[in-house]
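See structure below.
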Amino acid sequence: MKQHSAQQPIGIFDSGIGGLTVANAIIEQLPNEEIIYFGDIAHLPYGDKSADAINYYCLRICKFLLERHCKMIVIACNSAASAAADMLADFFRDQVIFVNVVDPLVDTVAAKDIQKVGIIATKATTRSDVYRQKLQSKRPDLDVATLATPLLVPMIEEGYVQNKISKAIIANYLNDPRFKDIDALLLACTHYPLIKPNIEAFFKHQVTVFDSTTIVATQVAQALQQYQLLNDQKRHPHQFFVSDHTSSFEETTKLFYKEKIHLEYCNIW
Ligand code: DGL
């Protein structure tokens, strides 16, 4: 592995602003770290794209983050991680440490005493079948039911997280017969932590709901510790880049991130 220093930033990317839920958790758990975030708003949503297109976008974004000397890259998008995590690890072998949102969630859920798990995700993540394959390679006895829930991302981005419409859409998806008798539900999209309380309420708190935020932040902390790359002091402000900029997106970031942030337009295409 290329020699990195602890003072280098952590790169985090997503198709848009959903990955800010993961960035938030990382910053909360590791306040001395510096973040460079990239949201590929120009190509949003990844959930509706082919694996080939997603692979191409991810390669370019990682190159951008490496040019900014990131010591680690967090793939904070399930659609991207499902399509491209293995390819990126191969392509940038020895250059940077990768953490993705899929594996820590799989490890956590597989270790629990659960018989049946439901998964909700974008179409791209569902189509990849990565979660089911990884979960059942660790727990062949685990019953896995996966459902694509494509209306949730635009709904959340419009700020519909707790009103009649969001409740109706969530209920419509979660009433799917495939989810009968689940012990746990896995939120396999970085937008979904915003509606986690509503989902828990839908199941009357009888179903354990897992999301990737703190689980991924813990994985980041462990990997940095393992490579002795934990920063001792934050010296520069976090940076948030997007490949397309609209004021409405900047406004929406308030839902995903604890404080108001400025999104900097950067055309990498
Ligand atoms: N945040 C992305 C994910 O975790 C979903 C948004 C999109 O479809 O681009 O899959």
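May I ask for the Kirkwood hydrodynamic radius of the range 143-216, worked out over all distinct Cα pairs and given in angstroms to one decimal?
12.6
Most mobile of 150, 177, 45 per a Gaussian network model of the chain (Cα springs, under 10 Å)?
177
If you line up the Cα atoms of the chain on their principal axes, what length do they span on each, largest first, in Å?
Cα extents, longest axis first: 49, 42, 35 Å.
Which percent of the accessible heavy-atom area of the chain goes to carbon and sulfur, probe 1.4 angstrom?
Carbon plus sulfur share of accessible area: 49 percent.
Hey, can you grab everything whose amide H is under 5 Å from the amide H of residue 35? Only 5+ residues off in sequence or another chain; H modelled, so Pro and N-termini drop out.
Amide H neighbours of residue 35: 10, 238, 239.
So for the range 1-144, what percent of the C-alpha to C-alpha distances run longer than 20 Å?
48
Which distance in nm do the two modelled labels at residue 169 and residue 267 give, with both placed 7 Å along the Cα-to-Cβ direction?
3.1
Where only protein heavy atoms count, and the probe is 1.4 Å, what is the accessible area per residue for the chain in Å²?
44
What's the longest bit of the chain with no exposed trypsin sites (Lys or Arg not before Pro), using DSSP loop states and at most 12 other Cβ atoms within 10 Å as the test?
3-92
For the chain, what is the charge dipole size about the Cα centre, in debye to the nearest 20, if Lys and Arg each add +1 at the Cβ and Asp and Glu each add -1 at the Cβ?
Dipole about the Cα centre, nearest 20: 240 debye.
In nm², what is the average projected area of the convex hull enclosing the Cα atoms of the range 148-262?
9.8
The values are calculated or read from the model by the stated rules, or taken from the named source; none is laboratory data. Not measured: the values here are computed from a predicted model. For neighbour counting, all protein chains shown are included, and Cβ atoms are generated from backbone atoms with ideal geometry for every residue, glycine included. Quick note on the areas: whole protein, heavy atoms, side chains included, nothing else; ligands and nucleic acids left out. Shrake-Rupley method; radii C 1.70, N 1.55, O 1.52, S 1.80 Å.
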